[in-house]
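Read through the structure below, which is laid out as structure tokens, and then see the notes.
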Amino acid sequence: MAEEVEAGRRPGEIGSVYADADGLGEVVIRGGGREKADLLRLGASTLLDHISVELVTHTDHWLPYDLRGRPQPEVYAANGPRLAAALRDIAEVFGTETDPDDPTYFARPSETGAENFFDRNGNALDVWESFEIPYRYRAFTQTPGFGRIGYRRTAEGDVRYVPVQDERGIIGHLWASDEENAASFEPLEVGDDATYHAGLVWLERLRSAHDRGLSPSAALAEVSTTADTSAGRVAPACEPRTVALAALRDRSRG
């Protein structure tokens, strides 16, 4: 790694340097089992004589309650001390104290790990439903900008739609409206990781069709016949139906 960094250096004096690495590993889950997970990112930066190290976690397995506010004492007992030990070791190596960052939507960082949020009655908050679900859903309803503008992802009137299914059943609907230059994917359960990531794949397919100049209805027809079924598929004999987008969204939210 040091040789790669040296080879990538530009001429001149070094100003600031930042590097990070993602950490994959095993965590104990409910029931005592184990699973591999994207646990954290460890980053380090230098500027003149100042050195800082940051540890960013990507999972709620360190918390007494999961992000839905459900207690997980056995998970916390097995994993929480590991995060606390890692923070302690980093502080000892650099001879400094741990300085917790500002709270995020999901938890409050502490010197030994992270803490859940609680309501006035002492109940752990369901921050997943309050913050993560709306954040994910915006990807399917708000048109992106900054050079990635595609079809509008909302419509006031009727749209043509087809269901998308995987081995579990219907996971969402592709829809399009030529009149409003709009097309998107409407997920049934955006909180489900597989459905969410599948939906992002369909959005990317629609954006590609837009960039090639296809109308929304032509894009719907094209992506519906893709041979790549990794994100689900549209049944070959399925014909698009017409419905108000508001009704389709109400139906998807159940």
Local net charge near Leu214, Cβ-Cβ under 12 Å (Lys/Arg +1, Asp/Glu -1)
0
Efficiency of FRET between Arg108 and Ala237 - r from beta-carbon atoms, R0 35 angstrom, step 0.05
0.10
What FRET efficiency do you get for His58 and Glu115 if R0 is 22 Å and r is their Cβ-Cβ distance, rounded to the nearest 0.05?
0.85
Obtain the nm distance between the two label points defined at Ser217 and Ser16 by a simple spin-label model: each point lies 7 Å from its Cα along the Cα-to-C-beta direction.
5.2
With each pseudo-label sitting 7 Å past Cα toward Cβ, what's the Leu42-Ala246 distance in nm, one decimal?
5.4
Ranked by GNM mean-square fluctuation in the chain (Cα springs under 10 Å), the top entry among Leu214, Leu87, Leu48 is Leu48
Got a number for carbon plus sulfur as a percent of the chain's accessible area, 1.4 Å probe?
52
Could you tally the net charge around Thr226, taking each other residue with its Cβ under 10 Å from the Cβ of Thr226, Lys/Arg +1 and Asp/Glu -1?
0
When only alpha-carbon atoms count, how far does the chain stretch along each of its three principal axes, as whole angstroms with the largest first?
65, 57, 33
Can you tell me the Rg and the Dmax, both Å, for the Cα atoms in segment 123-219?
14.1, 52
Where does the charge balance sit around Glu180 when Lys and Arg score +1, Asp and Glu -1, over other residues with C-beta under 13 Å from its C-beta?
-1
For the pair Arg253 and Glu26, what calculated FRET efficiency results from E = 1/(1 + (r/R0)^6), where r is the Cβ-Cβ distance and R0 = 41 Å, to the nearest 0.05?
0.70
Could you give the accessible area per residue of the chain, probe 1.4 Å, as a whole number in Å²?
62
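The values are calculated or read from the model by the stated rules, or taken from the named source; none is laboratory data. Predicted model, so just to flag it, every value in this text is computed and none were measured. FYI the Cβ positions are ideal-geometry reconstructions off the backbone, even for glycines, and counts take in every protein chain you see. When the accessible area is computed, the model is the full protein with side chains, heavy atoms only, and any ligands, DNA or RNA have been set aside. Shrake-Rupley method; radii C 1.70, N 1.55, O 1.52, S 1.80 Å.
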